[in-house]
Amino acid sequence: MKKIEVLAAMALFSVFLIAIAPASSAAQTPTISLPPATLPIVTYYINGTENHYTLSNPQWQLLFNDVINNKSLISYNWSQNLTEDLIVFDLSYTGLNPYGLALINQLSFIGTPTVQNFSKAFNATKNDPSLVKSGGTTLSNIQALNAGAYPGFTWSQIKVSPVSDDYRDAAIIVGIIAVTFVLYFYFNRKR
C-alpha cells in the first residue's frame with residue numbers, strides 16, 4: 001500500500017471509531033417495572049444501640065416528597081418519574097440498591113426517620129461516588145441525581161447532559177467534517 005492509502009485508511013478508521021464511541025458505551029437497560037402499591041418495609045438499627053426503626057410507606061414518602069423532590073437539594077424533577085423509587089430500591093422493589101443501602105447506613109448513625117434526619121443522611125452521601133458513569137467519569141450521587149440517573153445502578157444513563165457533553169458532541173461533528181474536507185481535497189488535487 002502506498003503511504004497515502006495508509007493515511008486515508010487510518011483517517012477513515014478514526015472517524016468511524018469517533019462516530020461509534022457513544023453507542024458502544026451505552027449499557028443495556030433492563031426492563032423496569034412500575035413500583036408496587038406499597039413499598040417494602042426496611043428495619044435499621046441505630047449504630048451502637050439496640051434501638052431500631054422501621055421504614056414503611058409513610059417514611060418512604062417523607063424521603064421522596066421532602067428530600068428527593070426538594071428542588072433546593074436536587075435539580076432534576078424526579079416527581080415526574082414513575083419509577084423514582086428505584087433511586088433507593090432494587091429492580092424488584094424488594095430490597096435496597098447500593099445507594100439506598102448507603103443512605104440508610106448514614107441514617108443509622110443519625111437517628112429516627114424524620115425529614116431533618118433524611119436530609120442529613122442525604123447530605124452525608126451526596127458526594128460519594130455513584131455507580132453511574134458519563135463520558136468515562138464516575139459521577140457523584142448528587143451529580144447522577146441532578147442528571148436524572150439512578151445512582152445505585154451501573155446501567156443507568158443520564159437524562160440531562162452537561163454542557164461539556166454538548167461541546168464534545170459538537171467538536172466530534174466539526175472534526176468529522178474537517179477530516180472529510182481535508183481528505184476530499186487531498187485526493188482530488190492535481191498532481
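Bear in mind that the values in this text are calculations on the coordinates, not laboratory data. Please read all numbers here as calculations on a predicted model, not as lab measurements. Reconstructed Cβ throughout: ideal geometry from the backbone, glycine too, with neighbour counts over all protein chains shown.
In terms of other Cβ atoms within 10 Å, 67, 88 run from fewest to most in the order 67, 88.
Just add up the charged neighbours of residue 100: K/R +1, D/E -1, any other residue whose Cβ is under 13 Å from the Cβ of residue 100. Can you show the working numbers first?
Details: positive: none; negative: 84, 85, 90, 128.
Result for the local shell: -4.
Could you calculate the FRET efficiency of residue 174 with residue 61 from 1/(1 + (r/R0)^6), where r is the beta carbon distance between them and R0 is 35 Å, rounded to 0.05?
0.15
The slack between residue 51 and residue 183, meaning 0.36 nm per residue of separation minus the straight C-alpha distance, is 40.3 nm. Scalar couplings 3J(HN,Hα) for segment 173-187, obtained by applying the Karplus form with A = 6.51, B = -1.76, C = 1.60 to θ = phi - 60°, are 5, 4, x, 5, 5, 5, 5, 4, 4, 5, 5, 4, 6, 5, 7 Hz; x denotes Gly and Pro.
Neighbours of residue 146, meaning other residues whose beta-carbon lies under 13 angstrom from its beta-carbon, give a summed charge of +3 when Lys and Arg score +1 and Asp and Glu score -1. Scanning residues 5 or more positions from residue 90 or on other chains, those with amide H under 5 Å from its amide H are 95, 96, 97, with H placed 1.01 Å from N in the peptide plane.
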